[in-house]
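Taking it in order: structure first as structure tokens, then the write-up.
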Ligand SMILES: [Fe+2]
Ligand SMILES: [Fe+2]
């Protein structure tokens with residue numbers, strides 16, 4: 001019988017055109033990287049959606065945990081001085 | 001607030017759920033059922049049209065049909081992938097389809113017996129699918145919503161190419177026009193059934209609406225579909241096979257006749273004209289493709305070994 005269940009999952013990233021970064025578009029199963037690229041080409045770029053493809057094993061991604069959302073991202077909340085709008089300048093100041 | 005209440009409040013604020021977020025078991029289960037049924041429908045949906053790829057009347061029509069069928073395979077893949085993020089395996093999903101445990105859209109259990117059916121299927125079946133799918137681009141589960149955005153982008157060509165096939169037939173000879181009418185006669189009612197049971201008979205509607213994995217009720221979507229389709233049929237010069245169909249000035253909608261719900265349940269229960277044939281074709285394709293999958297696995301394994309040993313040597 002087929003060993004399909006052992007095929008790893010690949011995350012697919014596509015650069016839509018030169019000058020832009022690769023963006024995650026989805027995932028697929030494939031036995032190796034070469035087939036993953038082939039399949040990604042057939043599935044995700046049938047309408048000129050891209051000029052370059054990255055595939056990487058989903059197992060190689062380390063993700064932050066949703067449970068850590070607060071401790072990772074909350075602290076930025078009270079640092080409004082990181083945004084230009086925090087600084088009230090007189091109207092006479094131009095081009096800033 | 002407990003986890004459940006927090007979840008409900010979060011969804012009510014129109015926020016999205018991502019795979020690793022906490023979700024109630026029932027939400028996960030409902031999504032797995034809905035997304036996998038949808039994926040199976042895309043895959044089984046290739047069969048009636050596949051039947052006509054070698055019989056298309058011109059090379060252009062053949063290329064178009066191939067491109068459409070290939071899109072449907074892609075839709076199946078996007079949806080299986082979205083479903084897998086909920087913790088089920090692709091193999092289990094496919095095994096459930098092949099064993100008959102999982103459901104797919106009842107429409108694909110009807111045969112495509114004439115070339116005009118390729119037109120009607122694109123116009124009505126893909127049209128009804130679009131009506132169902134566009135609201136799902138805003139569904140609460142992130143991976144599902146993203147898959148639907150891709151699907152919807154690709155669907156509109158499907159509907160337009162179908163309508164154009166009918167347009168050509170309806171502007172053709174008497175025999176061609178009759179072929180188009182005969183096709184519409186067979187597909188009209190099954191297409192209306194695609195929206196599922198009446199609201200009062202639909203079990204999961206309320207919960208699914210609250211969870212935003214359904215954004216309109218079955219009857220709302222069916223009405224929208226009829227309202228949209230009637231003028232298109234008039235444009236083709238075809239007659240919709242429903243003596244009760246007429247514009248209701250007061251409601252601002254078309255009234256239409258009652259669906260044969262016996263037939264609907266009959267097909268859902270596996271006794272439609274093609275249920276057995278469709279599943280057999282699926283199983284056969286899977287079994288006969290096993291050697292290709294095995295060969296790809298063997299090749300990958302062998303190369304992983306050679307790569308590893310050459311790394312050692314260096
Ligand atoms: Fe589709
Ligand atoms: Fe389609």
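The values are calculated or read from the model by the stated rules, or taken from the named source; none is laboratory data. This is a predicted model, so every value here is computed, not measured. Counting neighbours? That spans all protein chains shown, and the Cβs are built from the backbone with ideal geometry, glycine included.
For region B:1-64, the helices (runs of 4 or more DSSP H) that sit wholly inside it and include 1 or more residues that are touching a helix residue (DSSP H, G or I) at 6+ places or on another chain (Cβ under 8 Å) and at pLDDT 95 or above are B:25-44, B:46-53. Looking only at residues of region A:31-46 that are within 8 Å of chain B (Cβ to nearest Cβ) and assigned to a loop (DSSP other than H, G, I, E, B), we find that the one that is surrounded by the most Cβ atoms within 10 Å (Cβ to Cβ) is A:31. Tell me yes or no: at least one residue of region B:305-312 is farther than 30 Å from residue B:174 by Cβ and modelled with pLDDT of 95 or more. No, there is no match, as no residue in region B:305-312 is farther than 30 Å from residue B:174 by Cβ and modelled with pLDDT of 95 or more.
Taking the stated definitions as given, is residue B:74 within 12 Å of ligand 2 (Cβ to nearest atom), surrounded by fewer than 23 Cβ atoms within 10 Å (Cβ to Cβ) and in a helix (DSSP H, G or I)? When the stated conditions are applied, residue B:74 passes them. From the list B:65, B:86, B:77, B:59, the lone residue that is under 26 Å from residue B:126 (Cβ atoms) and away from ligand 1 (no atom under 16 Å from the Cβ) is B:59. Only one of the numbered conditions (1) within 14 Å of another protein chain (Cβ to nearest Cβ); (2) surrounded by fewer than 22 Cβ atoms within 10 Å (Cβ to Cβ); (3) within 14 Å of ligand 2 (Cβ to nearest atom) is not met by residue B:146, and that is (3).
Residues checked against (1) surrounded by fewer than 19 Cβ atoms within 10 Å (Cβ to Cβ); (2) within 14 Å of chain A (Cβ to nearest Cβ):
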{"position": "B:9", "(1), (2)": "yes, no"}
{"position": "B:13", "(1), (2)": "yes, no"}
{"position": "B:18", "(1), (2)": "yes, yes"}
{"position": "B:21", "(1), (2)": "yes, yes"}
{"position": "B:28", "(1), (2)": "yes, no"}
{"position": "B:38", "(1), (2)": "no, no"}
{"position": "B:41", "(1), (2)": "no, no"}
{"position": "B:51", "(1), (2)": "yes, no"}
{"position": "B:81", "(1), (2)": "no, yes"}
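Do we find a residue being in a helix (DSSP H, G or I), under 30 Å from residue A:28 (Cβ atoms) and in contact with a helix residue (DSSP H, G or I) (Cβ under 8 Å, 6 or more places away or on another chain) anywhere in region B:228-242? For region B:228-242, residues in a helix (DSSP H, G or I), under 30 Å from residue A:28 (Cβ atoms) and in contact with a helix residue (DSSP H, G or I) (Cβ under 8 Å, 6 or more places away or on another chain): absent.
Selection within region B:109-128: residues that are in a helix (DSSP H, G or I) and closer than 16 Å to residue B:54 by Cβ. The member of this set that is farthest from ligand 1 (Cβ to nearest atom) is B:117.
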